[in-house]
1. Report ³J(HN,Hα) in whole Hz for each residue of the stretch A:71-88, in order, from the Karplus equation J = 6.51 cos²θ - 1.76 cosθ + 1.60 where θ = phi - 60°; Gly and Pro get x.
2. So how do A:255, B:56, B:224 line up by other beta-carbon neighbours within 10 Å, fewest first?
3. For chain B, what does the relative contact order come out to in percent, with C-alpha contacts under 8 Å and a separation of six or more?
4. Taking the 0 to 90 degree range and rounding to the nearest ten, how far is the long axis of helix A:264-278 tilted relative to the main principal axis of chain A, both from C-alpha atoms?
5. Farthest toward the dipole's positive end in the stretch B:2-207, which of B:44, B:9, B:83, given Cβ charges of +1 (Lys, Arg) and -1 (Asp, Glu) about the Cα centre?
6. Go through A:122-129, A:204-211, A:82-89, B:129-136 and give me the packing order, highest mean Cβ count within 10 Å leading.
7. Kyte-Doolittle mean at least -1.0 and Cα extent at least 24 Å along the axis: which DSSP H helices of chain B qualify?
8. To the nearest 10 degrees, how steep is helix A:163-173 against the longest Cα principal axis of chain A, on a 0 to 90 scale?
Amino acid sequence: MGQQVINGFFLGSIYALFAVGYTLVFGVLDILNLAHQAVFMLGAFCALALVGGLHLSFALALPLAVLFSGAMGILLDRIAFRPLRGRAHSNMSGLISSIAAATIFEAIALQIFGPDVSRFPFGSFPDRQFRVAGAVVSTIQLTIVAVSVVLMALLTYLLKKTRLGRQIRAVAESPRAARILGINVDRVIAASFFISSALGGAAGVLFALAFNNLSPDMGRSVELKGLAVIILGGMGSVTGAVTAGFAIGLIEVFTVAYLGSSYRDAVSFAVLFLVLLVWPRGLFGRVALREA
Amino acid sequence: MGALEDFFLTYQSAIAFIGIDALLALSVYATLSCGQLSLANAGFMAIGAYTAALLTLHTRLPFAVTLIAGALAPAVIAVPLGLPVLRLRGVFLAIATIGFGEVVRLGLVNWDYTNGALGLVSIPQRARLWTIYLVLAIALYFFSRLRGSRMGYALEAIREDEAAARTMGIDTTAAKLSMFVLGAALAGLAGGLEAHFTFMVAPAGYDFSRAVDMLVYAVVGGATSYLGPPVGAAFLTLLPEVLRAIGSTVGLTPGPLRLFVSGAILLAVVLFLPNGIISFSARFGALTTRRERS
């Protein structure tokens, strides 16, 4: 029981970190960025290249991979979202152009790393296990939870207390009003993409560290899980994404433990579906999901 | 005549897949034509394919009957699914339908009666090229009659502005639901045809990426006319064949190249040709006339 809670918490921290970036872009732009999973995958492969190719230590590779993912986010905004801004139905075409960008990113990773599973070289991260109150905890798990909690706390601080955070919230409220108030909306959106993708990339690195299993399509299953998280948490809500991330992680671990591993994904999607139909605001959502 | 026969034999499966993909693209077009982005059609396709395949394997019903059953089963499911789901706004409809598709796929993976993840095999090959293209022709004829009809205008009005359409007295729920059900039936038909052409059905063939593929065909071809989706399907289904030839001469691995090119084409279409490749000539014409004027 205690072991399941720990495992769920650990899986949930990765889901939460992934979903926070997902929901941030949705809150600001009202666009579902389906390329978030590709940035997640690129972040993981970037860390792999740094650790496996350049023999950097993991502590150095993580921040570099996070920066790289953030830069990819800015690129993503430039090629897939910014050209569409101001067009009619731009949230629909944005969804499709993000699929296109994800395909391109995946093709690049496939060309460089091949379709087979890649792994970090053995021993690139020291892993020790110890027992806490009858449950086994590993240093990798602790690192993952610590890194994701710190990053999410930083994001909350940034959104609540800093000038950029206030600007992001203003743009999320109304881009037009923000522009009238003298905010450079395009720059704020680019910054949101940087933050969102940096967090997505960090989630990718942690996911790769946890399962040591990297492939160009590794983001796809997490993407769908991330959708369940942001819907349950309420679209656009960072607090909701964090809470729901941990909730989905726990649900998944308990499903595997009590119903069998073949149902692990089915339960998340059932949750996603039911929340949308019965309780579309989610836990902390405030956006209108239905038209008046 | 001999050359033509050779051509058909070599490219028979490619031609068949174009027809099936065109039907799938039309099934997405059905909901897009009233402005609704649904990604449920891979799930509907799976339901249709499994229904038709199970009927063929376990009964002696003629192929036409099993195909129609494969279209009706997803259509019947689409009614109770569509009623609540179609009330969701834009992106949320897409997400809910993604959820539905995954639940169908995972349900099939866990269903022992249909061999779980392995699926059903040795389905007799009953679909011929002419069956596939006959179904496609009927679907295209239906959409051509729809355009310009009362219902067709209603759908266009909903796509442009749903609230305004409702104010004008259009029953938007009924219109959206009927297109959702029509899309489900078309996807089911395509599923049934594919199952009886490739001998097999398996849950992996109906995953999220399949739903995305259908959407991409419709968008690349152009979702403002019923002719766009089949054009997009033909273009993107033939593309791998062409790229394989190019890739082998340039020395690139075909897999990544195909992904890259289809992603780049999709991006280019969304950015520069929002009405799809069928609008290319009109758009190009507009460009040249503008240049002449200036």
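Read-outs throughout are calculated quantities, based only on the coordinates presented, and are distinct from any laboratory measurement. Everything numeric in this text was worked out from a predicted model, so none of it was measured. As a convention, Cβ positions derive from the backbone with ideal geometry for all residues, glycine included, and neighbour counts pool all protein chains shown.
1. 4, 4, x, 5, 4, 4, 4, 5, 8, 10, 10, 4, x, 8, 4, x, 7, 5
2. Numbers: A:255 20, B:56 24, B:224 17.
By the 10 Å Cβ count, ascending: B:224, A:255, B:56.
3. Numbers: 442 pairs, mean separation 91.6, N = 294.
Once normalised by length, the contact order is 31 percent.
4. It is inclined by approximately 30 degrees.
5. Working it through, the farthest residue towards the positive pole turns out to be B:83.
6. Working: A:122-129: 11.1, A:204-211: 24.0, A:82-89: 14.1, B:129-136: 17.4.
Those peptides, ordered most packed to least, come out A:204-211, B:129-136, A:82-89, A:122-129.
7. Values: long enough: B:2-32 (42 Å, 1.27); B:41-58 (25 Å, 1.08); B:63-85 (34 Å, 2.10); B:90-109 (29 Å, 1.81); B:129-146 (26 Å, 1.77); B:172-198 (39 Å, 1.04); B:228-250 (31 Å, 1.06); B:254-272 (26 Å, 1.89).
Those that pass (Cα extent of 24 Å or more, hydropathy at least -1.0) are B:2-32, B:41-58, B:63-85, B:90-109, B:129-146, B:172-198, B:228-250, B:254-272.
8. The angle comes out at about 70 degrees.
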